[in-house]
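Participant: Structure provided below as structure tokens; questions to follow.
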Amino acid sequence: MMTDAERLAAADVLEKAERDRVQATQLSMTWPHIDFDDAYAISAEGARRKVARGAKIIGHKVGLTSKAMQRSSMIDEPDYGYLFDTLMIPDGGKAKHDSFCLPRVEVELAFVMGKTLNGPGVNLTDVLRATEYVVPAMEIVDARLKDVRKIYDTISDNGAGAGLVLGGRPVGPLDVDLRWVGGMMLRNGEVEETGLAAGVLGHPAMGVAWLANKLGTHGVALEPGHIVLAGSFTRVVFARKGDTLQADFGPLGSLSIQFI
């Protein structure tokens, strides 16, 4: 386990990498004794600093929800990070490519909470009852630390969260079978990735349930109005300067972003 001083130093490393858009050496190399508690503490410190500078926490993101990603990271559960109002990008909007170190985009569903969810003990039906609506989303993920990253590096780096686009058609959580919501990621009009939302723990609401239960152990609840990104159900698509990336959710509509 790291000392408090080492955790603060690690948060400094990530803060500088994000500010300068230059990847830093992996925290797991600088502090090989880092563990999960350290990683989440470093992520929380980063969130505290952003809030102190004026950002507002608007929800959370869940990552590593697929079995393949968990196996590749040698873990048996997802991870989470924070969503800030400063990460929001309008549907059809533009993002400066040089604002990121290594931008990639994922297809996800976003759950907008209508009621408080307070773990532990939250299950799938609890999530469906507490959700006001579900809406298509694209998440921009960035890597402020160099490869090869360990899970501790990704968690410390706010789960690589770097941007969020919401769009398409919002639906009630029981209006459609969320397991069968499909998504395609297109780059400049060509299909790059496809997937089904069932790839998120069998049902995307299970990503939200996991998050509520995980946060509940720290005395934190999901609040009404909070956005929860339930986890990607496609592989990432790398964003190059000049690319237009579009996520097509079929009956739920589509959304896009251009990197300039």
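The values are calculated or read from the model by the stated rules, or taken from the named source; none is laboratory data. Source: prediction; values computed, not measured. As a convention, Cβ positions derive from the backbone with ideal geometry for all residues, glycine included, and neighbour counts pool all protein chains shown.
Participant: Only residues that are buried (at least 18 other Cβ atoms within 10 Å of the Cβ) and of a type in the set (Val, Ile, Thr): list them for the stretch 205-260, please.
Facilitator: The answer is Val208, Ile227, Val228, Thr234, Val236, Val237, Ile257.
Participant: Now a separate question. Taking the stated definitions as given, is Glu77 at pLDDT below 95 and either of a type in the set (S, T, N, Q) or out of contact with any Asp or Glu (no Cβ under 8 Å at 6 or more places or on another chain) (or both)?
Facilitator: In short, yes.
Participant: For Glu108, which of the numbered conditions (1) surrounded by fewer than 16 Cβ atoms within 10 Å (Cβ to Cβ); (2) of a type outside the set (A, V, I, L, M, F, W, C); (3) not in a loop (DSSP other than H, G, I, E, B) fails to hold?
Facilitator: Status for Glu108: all satisfied but (1).
Participant: Which ones in the stretch 1-32 are part of a helix (DSSP H, G or I), of a type in the set (Lys, Arg) and under 14 Å from Lys146 (Cα atoms)?
Facilitator: Result: Lys16, single match.
Participant: For the stretch 154-181, which residues satisfy the criterion of being crowded, with 20+ Cβ neighbours inside 10 Å and either out of contact with any strand residue (DSSP E or B) (no Cβ under 7 Å at 6 or more places or on another chain) or of a type in the set (Ser, Thr, Tyr) (or both)?
Facilitator: Within the stretch 154-181, Thr154, Ser156 qualify.
Participant: When the stretch 232-247 is examined, which residues are found to be modelled with pLDDT of 95 or more and under 22 Å from Val62 (Cβ atoms)?
Facilitator: Across the stretch 232-247, the qualifying residues are Val237, Phe238, Ala239, Leu245, Ala247.
Participant: Could you list, in sequence order, all residues of the stretch 130-149 that are over 22 Å from Leu196 (Cα atoms) and surrounded by fewer than 19 Cβ atoms within 10 Å (Cβ to Cβ)?
Facilitator: Listed by number, the residues that qualify are Lys146, Asp147, Val148.
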